[in-house]
Structures are given as C-alpha cells and as structure tokens.
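The values are calculated or read from the model by the stated rules, or taken from the named source; none is laboratory data. A quick note: this is a predicted structure, and the numbers were derived from the prediction, not measured. When we count neighbours, we look across all protein chains shown, and the Cβ atoms used for this are built from the backbone with ideal geometry, even at glycine. Just the protein is used for accessible areas: all its heavy atoms, side chains included, with ligands, DNA and RNA removed. Shrake-Rupley method; radii C 1.70, N 1.55, O 1.52, S 1.80 Å.
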Amino acid sequence: MTKAPKTDDERRYKAPALAKGLDILELLALERAPLSNTQMASKLGRSISELFRMVVTLEERGYIEQQTDGFVLTNKLFSLGLAQTRVRNLIETSLAEMKNLADKVGQSCHLTVCSNGQIVVVSRVENPRDLGFSVRIGYRRPLAESTSGAVLCAFHPMETKQKILAELALNEDQEREFLMRILKVEQDGYAIRASDFVEGVTDISVPILENTEAVAALTVPHVQCKPELATIKGTLEAVKLAVSNIATLMNTERR
C-alpha cells in the first residue's frame, strides 16, 4: 500500500521542549511585571507541570531569575545579543562620538536598535554634569510608544514597515497615528517629541543609516535645566553631527 506524502508540518523537525522554553522567554520579554508559574501557564495555555522543568532549567542556566512576585528575564539574552559582531562594532564605533555629544550639550544620550517590535537600549553615556536623566542599558519599549521607535521604523522599505506594523498588532487608530509620526520623521529626517512619561523631557532622535536603512537611533532625552548648555535646536544639530561622524566611521571600517 502506497503511503500518502508527508505534509509540510510532518516534514518539519519538532522540539517541544525547546518550543516551551522559547515561549517562556518571549512571554517574559513582553511583560513588565514578574510572572509566577501559574500566571505563565495561564497566559501560554499550558499546565504548570508542562512548564515546571523548563522553568527550573532556564533559571539554572541564568536566563531567568525568581523575584518576590515571580520570574523575570535576566540580562543574559541581552548580553548574547550584544556579542554579535554587528552590534558590538556599532557600539564601539559610536561610543567616542556619544561622549563628545554628552559633553557638548550637557545631556545624556543613548543608542537604540529594533528587536521584535520593541526598541532596545544597547549603549548610553551619562550626563557629565551633577544632575541629569538617563535610560538604562537593556531598557525596552514597544516601537509605537517611543520616539526612537518611530525613527527606527521610518527608514525602511514599505515591505519592512508593513511587517513591523503587523508585529505590533495596533488597533486602527493607533496604527494611523503611528504612521503619521513615521511619515513626519521621513520628511524631517529626525524626531523631536515631548516624553510621554517624564515631564520636562523632550526626546531628540536621529537615525544612523546604513545605505538608506536605519540600523540604530541616537537619542538625547533633553532635560529642561538651568543653566542650559544647549537649546533643543542646538542639541538637534549636535546629534545630527554625531550621527554623521558615526556613519562616516562605519563606512570607513567596512572598506
């Protein structure tokens, strides 16, 4: 008797345990608060017993850790991402320019990249003055909720933009508003936007381009302070110059 040909699903190699582990990591990456075993099982549609050994293994390997209210991701995955040659080279190339920028404008600055529908801060330089505001390395936020997210989305082919929007799963009004922000960034070449979370902070963000696509965004969270070393307009020009210098260094290193 002739056997029926295998379907695509049957041809694929399956690793259920690995899938469970990845589900846990992806879930914790999206959550802003710790999750217990019971909460993870409920959100993933699995039983607690299905996840128990995987949670223990991930904790033993240092990918997650237990806090009072449940489990959270550690920085291990983030550290592995930073070890990639492209990201490491970007950080090393940008650092001197970021230090010069912070000294010039008297503000902190940080470098963000795009990862699974979120911005991730991969490098920062503190404000050289006694007081200031900065964003920690490893900080993540949905692209649509951040100034640098709009900058990272704006400079890509339409096909890539549509894929990013699909990942964000925005409602109709949210998508329309985000698309309008992206269009303005494309027209201006940068973004200036009052922080949605901190009063008195204005985010100034400029893309670092490789050919015509954004590989990162350099952002200054400009704090209103006295005395002010640089106005918002002056800070924007300083960020643009830093980005231009970084792009030149990157192009030189690729030759």
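Observations on the structure shown:
- In order through region 237-243: 3J(HN,Hα) via Karplus (6.51 cos²θ - 1.76 cosθ + 1.60), integer Hz, x for Gly, Pro: 5, 5, 5, 4, 5, 4, 5
- Long-range HN-HN contacts of residue 195 with modeled amide H, under 5 Å: 201, 202, 203
- Shape category assigned to region 125-241 from the gyration tensor of Cα positions, a/c cut at 1.5: prolate
- For residue 36, residues with placed amide H under 5 Å, excluding near neighbours: 71
- Percent of Cα pairs in region 109-165 per distance bin of 10 Å, from zero to the largest separation: 24, 47, 22, 7, 1.
- The chain, relative contact order [Cα under 8 Å, separation at least 6], %: 15
- Taking amide hydrogens as placed 1.01 Å from N in the peptide plane, the amide H of residue 155 sits under 5 Å from those of 214, each at least 5 positions away in sequence or on another chain.
- Global form of the chain, assessed from the alpha-carbon gyration tensor, a/c cut-off 1.5: prolate
- Ordered by solvent-accessible area of protein heavy atoms (1.4 Å probe), largest first, the residues 212, 160, 68 come out as 68, 212, 160.
- Among the GluC sites (Glu not before Pro) in region 198-243, those located in a DSSP loop and surrounded by at most 15 other Cβ atoms within 10 Å of their own Cβ are 199, 228.
- In nm, spacing of pseudo-spin labels at residue 14 and residue 159 (7 Å Cα→C-beta vector): 3.1
- Across region 223-236, rounded Karplus estimates of 3J(HN,Hα) from the backbone phi angles (6.51 cos²θ - 1.76 cosθ + 1.60, θ = phi - 60°) give 9, 6, 9, 10, x, 9, 6, 8, 6, 4, 5, x, 5, 4 Hz, Gly and Pro being marked x.
- Reach of residue 99 by Cα under 24 Å, taken over lysines that are not fewer than 8 positions away in the same chain: 226, 233, 240
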